Amino acid sequence: MVSVASAVRRLHKLAESASISRLSASFQGAGRELALVGGPVRDAFLDRPLNDLDFTTDATPDEILAIVKPIADAHWDIGRDFGTIGARIDGLTVEITTYRTDAYDGQTRKPVVEFGDSLEADLVRRDFTVNSMALRLPELVLVDPSGGVDDLLAQTLRTPAAPEVSFGDDPLRMMRAARFVSQLGFIVDDAAHAAMVELAPRIDMVSAERVHDELSKLLLTDAPGDGIRLLVETGLAAEVLPEIPALKLERDEHAHHKDVYEHSLTVLDQAIELEKSRDHSPDLVLRLAALLHDIGKPGTRRFEAGGVVSFHHHDVVGSKLAVRRLKALRFDKDTITAVARLIELHLRFFGYTDGVWTDSAVRRYVRDAGDQLERLHILTRADVTTRNRRKADRLSFAYDDLEKRIAALSQEEELAAIRPDLDGEQIMAILGIRPGPEVGRAYKYLLEVRLDEGPLDPATAEQRLRDWWATQAG
């Protein structure tokens, strides 16, 4: 957090840049208002990069286009019905939106959009006071009708209007609150928190696509666990991701001091730490897999003799549940497939510590992981949340050993592209058969040989194929 004076200086410096000066001069010349609004103004106080430059104006979308066309390198219609026009001016990308006074009508999943004529009215209808500040251009006047600066200093999320009205106008704002809790490290004020609890069922009014987008943004923050906790405690998670609050009822057999809910959030945190330590960018697939990896436990819990609790096959059950939930949230097929595969495989490593895997077992681990191997490395390591230091070290050393063996075998055998030593054309030529199911069965047999024994020379591979084929004739 910087001082108000420092933040204002940052905003003035940005506004006086060549691109924005041209833009504000053009609007002034056309007799229209223009203001930098929302995120960039907030981030100037938080000492964050000033990206995603959003502007608001009393000009209509058609008037915006007419004003920016002469000065823009390019322009595009982002959503004319919502009053937003995009443009690139001297290489700087901006979005300009007509003042709005929109709200949900309480019946449909789409807001009713009405254009306004006042900057102050536009700001008051926004989600939170910290996002309801603007810098008038070219006057360089800070406009803060709802006390956003004070809330920034208090690190508090408060709605400009009564929270029941604000969240009723757009229920997605409740999920956005969780995202800002994670992104900014702020807390939600008591009134907003109470309204989230009361209005949580209204999130069903919002389209699955919008919920998907907001959940993805939340998971890609530096500390998504804080936002997830807010979703759970207010009841929003029960509406959009019910598998997560369900975990609060279970106990984790690997770490009896935590329930599975807390374990899952810890795994998410640890996956993010490993993601950073390995110089990876924020990875939505990995984070979804970390959050959801144990959602099969509630349905598979069994009480065994001696007070032992088991969750047999929760990996397989959880994988199927994840597919169902992510489809409902409109995630794309590749993301769903990758997350489901990681959940299905997340327990595979734990047999490694029971005895030394053969090279064949290592090859199969790599083959089954496919292009998800690096994510599986991270997820498996993150899944160790025991407070028993000796046990944690043993599992860490064991996984170090597995990664070393994978690296060694990969260098020798190109594990990432494991395939039989003979291809389909060679199989057909050797066996004298035409394309058909027999070729597929022969290919599968040779792949199993390759996984069990490693690479074979062509003559040996041909002999093994012929020997196998002889057993199939009957």
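The values are calculated or read from the model by the stated rules, or taken from the named source; none is laboratory data. As the structure is a computational prediction, the values presented were derived from the model and not from experiment. Virtual Cβ from ideal backbone geometry, glycine too; neighbours counted across all protein chains shown. Ligands, DNA and RNA are stripped out before the accessible areas are found, and what is left, the full protein with its side chains, is counted by its heavy atoms. Shrake-Rupley method; radii C 1.70, N 1.55, O 1.52, S 1.80 Å.
Points worth noting:
- A straight chain from K327 to A407 at 0.36 nm per residue would run longer than the Cα-Cα distance by 25.3 nm.
- Accessible-area value, M1, 1.4 Å probe, nucleic acids and ligands omitted, Å²: 100 Å²
- Sites T460 and F350, calculated FRET efficiency, Cβ-Cβ separation with R0 30 Å, nearest 0.05: 0.30
- Assigned charges on the beta-carbon of Lys, Arg, Asp, Glu; the stretch 263-370 dipole about Cα centre (debye): 500 debye
- Within the accessible area of the stretch 134-264 (1.4 Å probe), percent carbon and sulfur: 53 percent
- Tensor-based shape of the stretch 79-215 (alpha-carbon gyration tensor, a/c under 1.5 rounded, otherwise prolate or oblate): oblate
- Protein heavy-atom surface of the stretch 428-474, 1.4 angstrom probe: 54% of the accessible area is carbon and sulfur, with nucleic acids and ligands not counted.
- The accessible-area ordering, largest first, of the residues R10, R419 stands as R419, R10, per a 1.4 angstrom probe.
- For semi-axes √(5λ) of the Cα gyration tensor in Å, calculated from these coordinates, the label among (1) 53, 29, 21; (2) 32, 30, 21; (3) 50, 31, 18: (1)
- Under-5 Å amide H pairs with V188, H placed in peptide plane, nonlocal only: L157
- Between the residues P245, A322, G306, the greatest Cα displacement towards the positive end of the dipole of the chain, with unit charges on the Cβ of Lys, Arg, Asp and Glu, is found for G306.
- Backbone N within the stretch 258-281 under 11 Å of label point (7 Å from R387 Cα along the Cβ vector): 258
- Peptides 366-376, 383-393 ordered by packing proxy, namely the average of other Cβ atoms within 10 Å per residue, highest first: 366-376, 383-393.
- The length gained on full extension between E453 and W468, counted as 0.36 nm times the residue separation minus their Cα-Cα distance, comes to 3.8 nm.
- In a simple Cβ point-charge model (Lys, Arg +1; Asp, Glu -1; nothing else charged), the chain has a dipole of about 860 debye relative to its Cα centre.
- Sequence-separation-based contact order of the chain, relative, with Cα cut under 8 Å and 6+ spacing, percent: 8 percent
- Cβ crowding within 10 Å averaged over residues, with 234-240, 308-314 ranked highest first: 234-240, 308-314
- Charge dipole of the chain about the Cα centre (unit charges at C-beta), most positive-ward option of V124, G79, T386: T386
- Segments 51-59, 193-201, 454-462 sorted - mean Cβ within 10 Å per residue, highest first: 51-59, 193-201, 454-462
- FRET E, pair S277, A162, Förster distance 60 Å, beta-carbon r, rounded to 0.05: 0.85
- 1.4 Å probe accessible area per residue over the chain, in Å²: 46 Å²
- Accessible area ranking (1.4 Å probe, heavy atoms, ligands and nucleic acids excluded), largest first, for L274, L446: L274, L446.
- Taking the accessible area of the stretch 334-394, probe 1.4 Å, and keeping the other protein chains in place, the carbon and sulfur fraction comes to 45%.
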